[in-house]
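Working notes, structure below.
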Amino acid sequence: MKSAIVLLAAATVVSAHSTWQDLWVGSADKATSCARTVKDNNPIDSLTSKDMFCGRGPATQTGVCEVAAGDALTVEMHAQPGDRKCSQPAIGGNHYGPVYVYMAKVSDAKTAQSGSFFKVAEDGYTGTTASWGTEILNANCGKRAFTVPKSLAAGDYLVRAEAIALHAGAGNPQPYVSCFQVKVTGGGSANPSGVSFPGAYKLSDALFSKAIYDSSFKYTSVGPAVWTG
Ligand SMILES: [Cu+2]
């Protein structure tokens, strides 16, 4: 009996990790067809790891999803790879933290190994547990929709989805990152500058310097401000 309880506790901890896995273009479910699927659902272990680019050991992907500038994309996270059920939290286990989505223009979305990422969506924290980006994900079956800015120049892009769990305390952020390969059609001439991953975040950033359970914790975004076009 005791070992059963220990096993159950271990399983709960593992299922608290999560992975971004699916993409929607408008109301069309593209599932994993343009995802650089990561090798597992563990967090990235360091802000300076090369995994900060597009997640842990991302697979090569030949699919590229087309989206018109001004239309919506939705990124989708779940605890276990391939399990899209809404009965489990998308990212459970008190993994409170912000959710960000970035894009970077690249010459070929299938092969790009770097990018200049500008932020297109952010759910941070406004003072209640339910307001954490990760809790908003949980309330929406892991989905976070955003608009591809209408003025964005046409071309290949990487969409980089990120959740940073902060439950482990100061100096211990646990980022979960995946990339999706898209081709933006239509659009304008905007070519916003961005940041590099790894490189954009430091452990000394205010967001990572104080535990979220500390009464004096205040949410401060990391990375650039959201660019809306
Ligand atoms: Cu976890």
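Points to keep in mind about this one:
- Among 56-67, 85-96, 173-184, the order from most to least packed when residues are scored by Cβ within 10 Å on average: 173-184, 85-96, 56-67
- Lysine pair count for region 70-173 [Cα-Cα under 24 Å; pairs on different chains or 8 or more apart]: 9
- Shape index of region 29-188: Rg/Rh, with Rg the Cα radius of gyration and Rh the Kirkwood radius from the inverse mean 1/r over Cα pairs, equals 0.95.
- Where the Cα pairs of region 108-188 fall when distances are cut into 5 Å bins, in %: 3, 12, 19, 22, 17, 13, 9, 4, 1
- Backbone HN-Hα couplings from phi across region 130-142 [Karplus 6.51/-1.76/1.60, Hz, Gly and Pro as x]: 5, 8, 4, x, 5, 6, 5, 4, 4, 6, 10, 6, x
- For the chain, size of Cβ-based charge dipole, Lys and Arg +1, Asp and Glu -1, in debye: 140
- The calculated FRET efficiency for the pair Ala154 and Ser204, based on their C-beta separation and a Förster distance of 30 Å, comes to about 0.20.
- Centre-to-centre separation between the Cα atoms of region 36-63 and those of region 150-229: 15 Å.
- Contact order relative to length of region 64-147, as percent, for alpha carbon pairs under 8 angstrom and 6 or more apart: 39
- Database remark: amide H of Val195 closer than 5 angstrom to the amide H of Phe117, Phe118 (H placed geometrically; neighbours at sequence offset of 5 or more, or on other chains; Pro and chain starts carry no H).
- Scaling against 2.2 N^0.38 Å puts the C-alpha radius of gyration of region 128-229 at 1.25.
- Cα centre as origin, Lys/Arg/Asp/Glu Cβ charges: region 35-156 dipole, Debye: 100
- Whole-Hz couplings from phi, Karplus 6.51/-1.76/1.60, listed for region 157-171; x for Gly and Pro: 9, 9, 9, 10, 9, 9, 10, 10, 6, 10, 5, 7, x, 4, x
- Over all distinct Cα-Cα pairs of region 44-123, the Kirkwood formula returns a hydrodynamic radius of 15.3 Å.
- ³J(HN,Hα), Karplus 6.51/-1.76/1.60, whole Hz, each residue of region 87-93, x for Gly, Pro: 6, 9, x, 4, 9, x, x
- Stretch gain in nm, segment Glu66-Ser196, where the contour uses 0.36 nm per residue and the Cα spacing is subtracted: 44.4 nm
- Selection from Ala90, Asn42, Gln21 lying farthest towards where the dipole of region 10-103 points positive, charges on Cβ: Asn42
- Less than 5 angstrom separates the built amide H of Ala68 from those of Thr185, all sequence-distant by 5 or more or on a different chain.
- Calculated accessible area for the chain comes out at 44 Å² per residue, all protein chains present (probe 1.4 Å; ligands, DNA, RNA ignored).
The values are calculated or read from the model by the stated rules, or taken from the named source; none is laboratory data. Worth saying up front: this structure is predicted, and the values here are computed from it rather than measured. Don't worry about glycine lacking a Cβ; one is built from the backbone with ideal geometry, like all the others, and counts go over all protein chains shown. These area figures cover heavy atoms from the full protein model, side chains too; ligands, DNA and RNA do not enter into them. Shrake-Rupley method; radii C 1.70, N 1.55, O 1.52, S 1.80 Å.
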